[in-house]
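The values are calculated or read from the model by the stated rules, or taken from the named source; none is laboratory data. All values derive from a computational prediction rather than experimental measurement. Cβ placement follows ideal geometry from the backbone for every residue including glycine, while neighbour counts extend to all protein chains displayed. These accessible areas exclude ligands, DNA and RNA; they are computed on the full protein's heavy atoms, side chains included. Shrake-Rupley method; radii C 1.70, N 1.55, O 1.52, S 1.80 Å.
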Amino acid sequence: MSSKHHIIYVPGIGDDIYRIQGFLVWWWFIYGVRGHVHEMPWTGKGEYQPKHEKLLALIDKYANQGHKVSLVGASAGASATINAYIARRDQINSVAIICGKINEPETISESFYSRNAAFKESMYALQENLKKLTASDKSKFRNYYTPNDQVVPYVCSFMPGVQEISLRPMRHGQAIIYSVSIGARKIIKGLKNPR
């Protein structure tokens, strides 16, 4: 069995795998990888841990088959992606974060958290997991942001010690769609060859 590079993409809140992001990620095969969208999902009362374990099971599935596995987290998906990396760091080749909400979980309203309970758990778990990232771990990461992001401002997406790449000035959603479509080639190149 030949080894493949599987890239698991974790979208943000309200994103649906049957909509445009899932379609675009599927097309990543043209860059020589297998793209998979993994929804948590975020909205609703469901607890975070079972959703986290499903993501880990998907990582295990491909890693145990001898394939290379990388992760991409967009917006709210950044927290789940980094949490999964900490749990499976030895199985992960590289990580890309796109406009990710990483810092300052307290700036999110309780009404928003009440509609997306798993996201709140993920964000607060992330704050502890960020402390566990070593310099070696961070060398596997690339953090993509847009200076025009009003949903996730730069201060909320900054990761010290991680290579940062500024996207062209766009709004939050536009930057994510750009990154998984026209900009995907660059992101996948970085995932294939982490520094």
- Message: As a test question: what accessible area, to the nearest 10 Å², does Ser75 have when a 1.4 Å probe is rolled over all protein chains in place?
- Response: 20 Å²
- Springs between alpha-carbon atoms under 10 Å, Gaussian network over the chain: tell me which of Gln65, Gln21, Gln163 tops the mean-square fluctuations. Gln65
- Could you pull out every residue, at least 5 positions away or on a different chain, whose amide H is within less than 5 Å of the one on Asn116? Hs are placed 1.01 Å off N in the peptide plane, and Pro or chain starts have none. Gly44
- Message: Less than 11 Å Cβ to Cβ from Gly44, Lys/Arg counted +1 and Asp/Glu -1: what total charge do the surrounding residues give?
- Response: +2
- Item | Candidate lysines - alpha carbon under 19 Å from Lys45, same-chain residues fewer than 8 apart omitted | Lys54, Lys120
- Message: How large is the accessible surface of Phe112 in square angstrom, using a 1.4 angstrom probe and rounding to the nearest 10?
- Response: 70 Å²
- Message: Given the DSSP H assignment, sum -39500 (n - 2.57) over each helix run of at least 4 residues in the chain and divide by its residue total; what's the result at 222 nm in deg cm²/dmol, nearest 500?
- Response: -11500 deg cm²/dmol
- Item | Under 5 Å, built H, 5+ apart or other chain: amide partners of Arg34 | His5, His6, Ile7
- Item | About the Cα centre, charge dipole magnitude for the chain (Lys/Arg +1, Asp/Glu -1 at Cβ), debye | 780 debye
- Item | Of Lys4/Lys51; Lys68/Lys192; Lys101/Lys192, those spanning more than 18 Å from alpha-carbon to alpha-carbon | Lys4/Lys51; Lys101/Lys192
- So, with a 1.4 angstrom probe, what is the percent of accessible area on segment 34-152 that is carbon and sulfur? 48 percent
- Message: Using each residue's phi in segment 83-97, evaluate 6.51 cos²θ - 1.76 cosθ + 1.60 at θ = phi - 60° and report the 3J(HN,Hα) Karplus result to the nearest Hz, with x for Gly and Pro.
- Response: 4, 5, 4, 4, 6, 9, 4, 6, 9, 9, 6, 6, 9, 10, 10
- Classify segment 1-146: rounded, prolate or oblate, from the alpha-carbon gyration tensor (a ≥ b ≥ c, eigenvalue square roots; a/c under 1.5 rounded; otherwise prolate if a/b is larger than b/c)? prolate
- Item | Positive-end residue of Met40, Gly183, Tyr144, charge dipole of segment 38-195 with Cβ unit charges | Gly183
- Task: Could you do me a favour and compute the accessible area per residue for segment 54-99, 1.4 Å probe, result in Å²?
- Result: 28 Å²
- Task: Classify segment 86-195 as rounded, prolate or oblate from the Cα gyration tensor: take a ≥ b ≥ c as the square roots of its eigenvalues, call it rounded if a/c is under 1.5, otherwise prolate when a/b beats b/c and oblate if not.
- Result: oblate
- Can you give the translational diffusion coefficient of segment 138-195 in µm²/s, computed by Stokes-Einstein from the Kirkwood radius over Cα pairs at 37 °C and 0.692 mPa s? 278 µm²/s
- Query: Between segment 40-65 and segment 157-195, what is the C-alpha centre distance in whole Å?
  - Reply: 23 Å
